[in-house]
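Participant: Dropping a structure here in structure tokens format, bear with me for questions.
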Amino acid sequence: MLSPPPKPELDHPGSIIYFKVADIQLAYVTLSERGVHFEEGPTLVADMGTYNLWIASFRDSESNLLALMSNVPKTS
């Protein structure tokens, strides 16, 4: 995924590594319970037609920005 940073605090010299997860809400809760501090919790970022794209961002121990992403199917 290539795009300019949406906020100045997300502008950095490195790349964001995205981890695709099946259930972003469950992954967020599990990692939070294990001590991961999220910069931004699960957020709907795009309507992709048949599914919604959700992202949650966090930093590793060296302050590199990482993110979870999930393609959440739309329900009828």
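The values are calculated or read from the model by the stated rules, or taken from the named source; none is laboratory data. The structure displayed is predicted, hence computed values, not measured ones. A quick note on method: Cβ atoms are made from the backbone with ideal geometry, for glycine too, and the neighbour counts reach across all protein chains shown.
Participant: Anything in the range 34-76 that is exposed (fewer than 11 other Cβ atoms within 10 Å of the Cβ) and of a type in the set (Asp, Glu)? List them, or say none.
Facilitator: Asp47, Asp60, Glu62 - these are the residues of the range 34-76 that are exposed (fewer than 11 other Cβ atoms within 10 Å of the Cβ) and of a type in the set (Asp, Glu).
Participant: Taking the range 52-76 as the search range and keeping residues that are farther than 27 Å from Pro8 by Cβ and without any contact (Cβ under 8 Å) to a residue 12 or more places away in the chain, which one is nearest to the chain's Cα centre (by Cα)?
Facilitator: The qualifying residue nearest to the chain's Cα centre (by Cα) is Thr75.
Participant: Checking Pro5 against (1) in contact with a His (Cβ under 9 Å, 6 or more places away or on another chain); (2) surrounded by 14 or more Cβ atoms within 10 Å (Cβ to Cβ), which single condition isn't satisfied?
Facilitator: Of the numbered conditions (1) in contact with a His (Cβ under 9 Å, 6 or more places away or on another chain); (2) surrounded by 14 or more Cβ atoms within 10 Å (Cβ to Cβ), the odd one out for Pro5 is (2).
Participant: I'd like the full set of residues that are part of a loop (DSSP other than H, G, I, E, B) and on the phi < 0 side of the Ramachandran plot, limited to the range 25-55.
Facilitator: Arg34, Val36, His37, Met48, Thr50
Participant: Please list, ordered by first then second residue, the pairs with beta carbon atoms under 8 Å, 6 or more apart or interchain, first in the range 25-51 and over 11 Å from Val72 (Cα atoms), second part of a helix (DSSP H, G or I) and modelled with pLDDT of 95 or more.
Facilitator: Qualifying pairs under 8 Å: Phe38/Tyr28; Phe38/Leu31; Phe38/Ser32; Gly41/Tyr28; Pro42/Ile24; Pro42/Gln25; Pro42/Tyr28.
Participant: Quick check on Ala22: is it among the aliphatic types (A, V, I, L, M) and part of a strand (DSSP E or B)?
Facilitator: Against the criterion (among the aliphatic types (A, V, I, L, M) and part of a strand (DSSP E or B)), Ala22 does not qualify.
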